[in-house]
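These notes concern the structure reproduced below.
The values are calculated or read from the model by the stated rules, or taken from the named source; none is laboratory data. Since this is a predicted model, take the numbers as computed values, not measurements. Backbone-built Cβ (ideal geometry, glycine too); neighbour counts: all protein chains shown. Heavy atoms of the whole protein, side chains included, go into the accessibility calculation; ligands, DNA and RNA do not. Shrake-Rupley method; radii C 1.70, N 1.55, O 1.52, S 1.80 Å.
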Amino acid sequence: MRAGEQLPPLRIPITRTLVVAGAIASRDYQDVHHDAEAARAKGSPDIFMNILTTNGLVGRYITDHFGPDAELRKVAIRLGAPNHPGDEMVLTGTVASVDGDEAVIEVKGANRLGNHVTGRVTVRLPHDAPQEARS
Amino acid sequence: MLYERLTAYEGRPAAEGGEGKDPVNPAMIRHWCEAMGDTNPAYTDASRPAGIIAPPTMLQAWTMGGLSGHTARSSAFDELLAALDDAGFTAVVATDCEQEYLRPLRPGDRISFDAVIESVSPLKTTRLGSGHFVTTRTDVWSGGVRVGTHRFRILKYAPTQRTTATAATTTAPKRPRPVVNRDNAGFWDGVGARKLLMQRCTGCGALRFPWLPGCNACGGQGWDTVEARGDGTVYSYVVVHHPPFPAFDPPYAVALVELAEGVRVIANVTGVPYDKVRIGMPVELGFQSFDEEVTLPVFRATEQGGGADASR
């Protein structure tokens, strides 16, 4: 693995179910993540994905690619355009640097409004395991 | 002043002696994995040599108050949020999350945490509305060992009220009035007569637009006017999404149109969706009335045909 290498994209349909299930699984009961009327009253056109779900999806994107023995060390994300139901987010990643058994991956998740998330993930890769995508 | 009151909270605790409501457990891990579509066996396959670990990105989930709320939240943090609520910044959205994982969490681990208010930003204007960013840093512990840290940024904002189409008829805000002065009055007289007039230097013959007292080319003070034929092409353009000004309905295209005569004019492009405007697109001059007082030159895309009236 070298800096500049691209990870295959992961396409995630943003369903109402995903937004609500992610919010509840992360114990986030802010109404804007499950109540469309409340979201509109707060200036948003619909409910939107909470940051914990985005964080979980970014982590999943990395371990889906590097396998179950890869260890997440750091995940730092910034949100931009919201993920509303009916949209699709395409996660893409680029290896920014490799230092020994640790790699830093720049991750971007774009939806039709723009970049929902940009961030960096530091991952420790196992020495003896093949560094290939799980099927 | 509000901002001084807000920054006084920097460095004060946001949570003290927080306890995770549930120990790390396979049920919550499984619910998380189901929601995320995460099939990583490290999180669910207990037969793996190392047993299962919680998805590291669940770090914050173990500290959440859930429906019954936070018990550990400090009075300082509550006061800060209340001060923001009182100032009209009633809505909240998370913007940044930075987590570092020091050791994996496993079923049975009991979580404790404390957090500090790191910073409160000055007033910022965002697409959602204006407000203040509040950054906290949380240390997460288990069995006396720090297992992770978590920096979190929220925006407390005053929601921008969206105008609905039905409410726009009687109370619609009006377009800004043009500023007419002795240097540009001739241009606005032309618009009133549905003509787009440019200036021509009587010294060197150079055409100029927008209207100016002197010639860009030779400095000459004398001028007369030439009426634009009306055809041109899009030289460049932008699409305005934000901020939404009163009487404007984003997204809309604003073009720099190069007239056949060679001068360039900034105007709206009509008759074509905002995302179909292209550099080089042929356009034709028209005039659009926005209210009883304001009529402006606009450019209608001619490629699309149809001959519909100019509209946004």
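Can you find, among B:P273, B:Q288, B:Y237, the residue sitting farthest towards the positive end of the charge dipole of chain B, where Lys and Arg contribute +1 and Asp and Glu -1 at Cβ?
Toward the positive end, the furthest listed residue is B:Y237.
Which of A:L113, B:T126, B:W188 sits farthest toward the positive end of the charge dipole of the protein assembly as shown, with +1 on the Cβ of Lys and Arg and -1 on the Cβ of Asp and Glu?
B:W188
Just to check I understand the Karplus step: with θ = phi - 60° and J = 6.51 cos²θ - 1.76 cosθ + 1.60, what whole-Hz values come out for region B:52-57, glycine and proline as x?
9, 10, 6, x, x, 5
Collect residues whose amide H, placed 1.01 Å from N in the peptide plane, falls under 5 Å from the amide H of B:L102; neighbours closer than 5 in sequence don't count.
Distant-sequence amide H within range of B:L102: B:G148, B:T149.
Where a Cα-Cα gap under 15 Å defines reach, which aspartates and glutamates qualify for A:K74, not counting those fewer than 8 residues away within the same chain?
Within the straight-line cut-off, A:K74 pairs with A:D99, A:D101, A:E102, A:E106, B:D96, B:E98, B:E100, B:D139.
Looking at region B:191-312 from every direction and averaging, what is the projected area of its Cα convex hull in nm²? Let's see the in-between values first.
Details: hull surface 33.0 nm².
The directionally averaged projection comes out at 8.2 nm².
Whole number please: convex hull volume per residue of the Cα set in chain B, in Å³? Don't skip to the end; give the middle numbers.
On the way: hull volume 75.9 nm³, N = 312.
It is 243 Å³ per residue.
Hey, what angle do you get for helix A:51-66 against the long axis of chain A, alpha-carbon based, 0 to 90 degrees rounded to 10?
Result, in degrees: 30.
Please give the contour-minus-distance gain from A:L113 to A:V90: 0.36 nm per residue of separation, less the Cα-Cα distance, rounded to one decimal in nm.
Values: separation 23, 0.36 × 23 = 8.28 nm, distance 1.19 nm.
Length gained between A:L113 and A:V90: 7.1 nm.
Under the rule of at least 5 residues apart or a separate chain, name every residue whose amide H is placed under 5 Å from the amide H of A:L7.
A:G93, A:T94, A:V95
For B:S121 and B:E261 in the same chain, what is the full-extension length gain: residue separation times 0.36 nm, less their Cα-Cα distance, in nm?
Numbers: separation 140, 0.36 × 140 = 50.40 nm, distance 5.03 nm.
Contour length minus Cα-Cα distance gives 45.4 nm.
Can you tell me the Rg and the Dmax, both Å, for the Cα atoms in the protein assembly as shown?
Radius of gyration, then largest Cα-Cα span, for the protein assembly as shown: 28.5, 91 Å.
How much length is gained if the chain between B:V238 and B:A193 is pulled fully straight, taking 0.36 nm per residue apart and subtracting their Cα-Cα distance, in nm to one decimal? List each step's numbers first, then the result.
Values: separation 45, 0.36 × 45 = 16.20 nm, distance 2.84 nm.
Contour length minus the Cα-Cα distance gives 13.4 nm.
In whole percent, what relative contact order does chain B give with Cα contacts below 8 Å and a gap of six or more residues? Don't jump to the answer; show the numbers that get you there.
Details: 609 pairs, mean separation 39.5, N = 312.
Rounded, it is 13 percent for chain B.
To the nearest 100 Å², how much accessible surface do chains A and B cover up together, summed over both, with a 1.4 Å probe? Present the calculation step by step, with values, prior to reporting the outcome.
Details: alone 7550 and 17580 Å², together 22000 Å².
Between A and B, the summed buried area is about 3100 Å².
What do you reckon, how do B:L207, B:L259, A:L113, A:L10 stack up by accessible area (1.4 Å probe), largest on top?
On the way: B:L207 60, B:L259 5, A:L113 110, A:L10 35 Å².
If we order B:L207, B:L259, A:L113, A:L10 from most to least accessible, we get A:L113, B:L207, A:L10, B:L259.
For region B:1-145, just say rounded, prolate or oblate: build the C-alpha gyration tensor, square-root its eigenvalues into a ≥ b ≥ c, call rounded for a/c under 1.5, and beyond that prolate if a/b exceeds b/c, oblate if not. Let's see the in-between values first.
Working: a/c = 2.69, a/b = 2.00, b/c = 1.34.
In terms of gyration-tensor shape, prolate.
Strictly under 4.7 angstrom between C-beta atoms: which cysteines of chain B have no such partner?
That list is B:C33, B:C97.
Rounded to the nearest Å, what's the spacing between the alpha carbon centres of region B:50-109 and region A:1-50? Just the number, please.
One Cα centre to the other: 17 Å.
Enter the accessible area per residue of region B:2-159 (Å², integer; probe 1.4 Å; all protein chains in place). Intermediate values should be presented prior to the final figure.
On the way: 6850 Å² over 158 residues.
About 43 Å² of surface per residue is accessible.
At a Förster radius of 41 Å, what calculated FRET efficiency corresponds to the Cβ-Cβ distance of B:L212 and B:S130, to the nearest 0.05?
FRET efficiency, B:L212 to B:S130: 0.65.
If you count only protein heavy atoms with a 1.4 Å probe, what accessible area per residue comes out for region A:6-124, rounded to a whole Å²? Walk me through the numbers before you get to the answer.
Working: 4570 Å² over 119 residues.
On a per-residue basis, region A:6-124 sits at 38 Å².
Any aspartates and glutamates with Cα under 12 Å of the B:K21 Cα? List them, leaving off those in the same chain fewer than 8 positions away.
B:D109
For chain B, what does the helix formula give at 222 nm: sum of -39500 (n - 2.57) over DSSP H segments with n ≥ 4, over the residue count, nearest 500 deg cm²/dmol? Kindly include the intermediate steps, with their values, before the conclusion.
Numbers: 5 runs with 41 residues, N = 312.
When only DSSP H runs of four or more count, the value is -3500 deg cm²/dmol.
Shape call for chain A from the C-alpha gyration tensor, a ≥ b ≥ c root eigenvalues: rounded (a/c under 1.5), prolate (a/b greater than b/c) or oblate?
On the way: a/c = 2.53, a/b = 2.17, b/c = 1.17.
Judged from the Cα gyration tensor, chain A comes out prolate (a/c at least 1.5, a/b above b/c).
Counting only DSSP beta bridges with both residues in region B:176-301, tell me the antiparallel percent, nearest 5. Intermediate values should be presented prior to the final figure.
Working: 30 of 32 bridges.
Percentage antiparallel, nearest 5: 95.
Using square roots of five times the C-alpha gyration tensor eigenvalues, list the equivalent-ellipsoid semi-axes of region A:26-104 in whole Å, biggest first.
Three semi-axes, in Å: 31, 12, 11.
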